[in-house]
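One structure is given here, and the rest of the page talks about it.
The values are calculated or read from the model by the stated rules, or taken from the named source; none is laboratory data. Since we're looking at a predicted model, the values are computed, not measured. Cβ placement follows ideal geometry from the backbone for every residue including glycine, while neighbour counts extend to all protein chains displayed. Surface accessibility is based on the protein's heavy atoms, side chains included, excluding ligands, DNA and RNA. Shrake-Rupley method; radii C 1.70, N 1.55, O 1.52, S 1.80 Å.
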Amino acid sequence: MGNGTKKVLILGSTGSIGENTLDIIRQFPERFKVTGLVAGKNSEKLKKQMEKFNPEAVALFEGELETPVGVDFYSGEEGIKSLIQDIDFDIVVAAISGASGIIPTFESAKKAERVALANKESLVCAGKFIKAVAKELVPVDSEHSAIFQALLSGKKEEIKEIILTASGGPFRGKKLEELKDVKPEDALSHPNWDMGNKVTIDSATLMNKGLEVIEAVWLFDVPVEKIKVVVHPQSIVHSMVRFCDNSFIAQMGKPDMRIPIAYALSYPERLPLPDNLGMEFYEMSLTFEKPDLKTFKCLRLAFEALDRGYPYPIILNAADEVAVNSFLKGKIPFTAIPEVIEKTMDILNLSSPETIEEVVSIDKLARETAEKVVQSFLA
Ligand SMILES: NC(=O)c1ccc[n+]([C@@H]2O[C@H](COP(=O)([O-])OP(=O)(O)OC[C@H]3O[C@@H](n4cnc5c(N)ncnc54)[C@H](OP(=O)(O)O)[C@@H]3O)[C@@H](O)[C@H]2O)c1
């Protein structure tokens, strides 16, 4: 991308990534201008963002919002597509949560010079289609941002391993029997990161790491055999690459999403971020452990979905969304989340999608199947 002020569309502006993105843009008004904001149903927050950033247009998936003259309002799934068609933008920050982000990410990727990608589900479910239309994909996920940066110091054929770090979440070190009575509020208290509910529960089950493994396969075009996961409770080393000479190149820093978000917006340059987003090297204590795939079965299931082949990652992701929702509503215990996913994967035997619309149909079918599996747990 060339220089000058970049026009930015934010999908999921009212979420954790969306708000952090706006915080970066607020600090660099000469570099970025918000032209579009898209949210789910939080009209109050969207209104405040609209007043502060004065975009060309805003959209809600559900609900209404009165906008001043000069700011267009769109609503619903089709409305979001129309906003993407109608407004001008150079960068899209794709930060809707879950599979709802697939189509908006795909549609905006067709137009944007750069996709700053947070919505990992887009790549997990539709990596083939999104990569085919995107001019440039720069990851926002801290792990993938770290790998993206580490890869700048070697050639693709020199990669020995890509190592994703995982904090281990709030239940690191626990055994399966100890997790039976976990309540949503226990699972929602992540030790290092402040994130949306879905990704926080996924961090507690390690499904988040599983989805990130699949995301990494698509982003970096490496075989899954080269991708490893290591637990690093402090979340300071954000991930690393081991090259063929056995050198590890890692990216480190305070666990704050504004750092990878800023990089995704400004790459190949770096933005001068304030000192409170930094830390001293002597403050870092770094430890690493092997992940426990017996207790955290979701991570194993993600590797299994890759092994079974496309479209199993779509089924894995859809079943996970249903299972996490059911857990948050108190319908199933925490330990049933991987059971729902595994059963759904066992029931469905589907062929690979040929279009993005088929991805959406498979996602829908997998959700319906997972709902039935949840019902069988209640019976
Ligand atoms: N948070 C992190 O630190 C982090 C780190 C790495 C990757 N990610 C990834 O980034 C994505 C967003 O995560 P998050 O933590 O920011 O989630 P979040 O806080 O739950 O925010 C989700 C955003 O998506 C919007 N949204 C939900 N459904 C929508 C729909 N159907 N149409 C349009 N907008 C919709 C929400 O709007 P409302 O507010 O109106 O509901 C909100 O703006 C996820 O894919 C996550 O895995 C997050």
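Relative contact order of the chain, please, whole-number percent, based on alpha carbon pairs below 8 angstrom and at least 6 residues apart.
It rounds to 15 percent for the chain.
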Binned Cα-Cα distance frequencies in the range 6-139 - 5 Å width, integer % = 2, 12, 24, 26, 21, 11, 4, 1
Listed by chain and number, the residues whose amide H is under 5 Å from that of K160, excluding neighbours fewer than 5 places away on the same chain and using placed H, are R242, F243, C244
Under 11 Å, Cβ to Cβ, from L123 - net charge with Lys/Arg +1 and Asp/Glu -1 | -1
Given the options I332, I347, I314, state which has the largest fluctuation in a GNM of the chain using a 10 Å cut-off (strictly under) for Cα springs.
-> I347
Give me the compactness ratio for the range 159-222, meaning the Cα radius of gyration over 2.2 N^0.38 Å.
-> 1.26
GNM flexibility winner over the chain from I356, I201, I162 (Cα, springs under 10 Å) = I356
Which distance in Å, rounded to a whole number, links the C-alpha centroids of the range 128-176 and the range 178-207?
-> 21 Å
Residue by residue through the range 94-108, the couplings from Karplus 6.51 cos²θ - 1.76 cosθ + 1.60 with θ = phi - 60°, in Hz, x for Gly and Pro, are 8, 9, 6, 8, x, 5, 4, x, 4, 5, x, 5, 4, 5, 6
Considering amide H positions built from the backbone, and no H for Pro or chain starts, which residues 5 or more places from L137, or on another chain, come under 5 Å of its amide H?
-> V115
By average C-beta atoms within 10 angstrom, highest first, the peptides 296-302, 137-143, 245-251, 169-175 = 137-143, 296-302, 169-175, 245-251
Please give the per residue accessible area of the chain, computed with a probe of 1.4 Å over protein heavy atoms only, in Å².
-> 43 Å²
Can you grab the distance from the C-alpha centre of the range 228-266 to the C-alpha centre of the range 40-89, Å, no decimals?
-> 34 Å
Under a 10 Å cutoff between Cα atoms, tell me which one of D307, D194, D256 has the largest fluctuation in the Gaussian network model of the chain.
-> D307
Carbon and sulfur together cover what percent of the accessible area of the chain at a 1.4 Å probe radius?
-> 50 percent
Summing Lys, Arg as +1 and Asp, Glu as -1, what charge do residues with Cβ under 11 Å from the Cβ of F32 carry, F32 excluded?
-> +3
5 angstrom amide H check on S167, placed H, neighbours 5+ away = H232
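Using +1 on the beta carbon of Lys and Arg, -1 on that of Asp and Glu, and nothing else charged, what's the dipole of the range 67-202 about the Cα centre, debye to 20?
Result for the range 67-202 is approximately 460 debye, rounded to the nearest 20.
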In nm², the average projected area of the convex hull spanned by the Cα atoms of the chain is 18.6 nm²
Table column - 3J(HN,Hα) (Hz), the range 335-345, Karplus curve with 6.51, -1.76, 1.60, x for Gly and Pro = 6, 7, 4, x, 5, 4, 5, 5, 5, 4, 5
Net charge over other residues, Cβ less than 9 angstrom from the Cβ of A112 (K, R count +1; D, E count -1) | +1
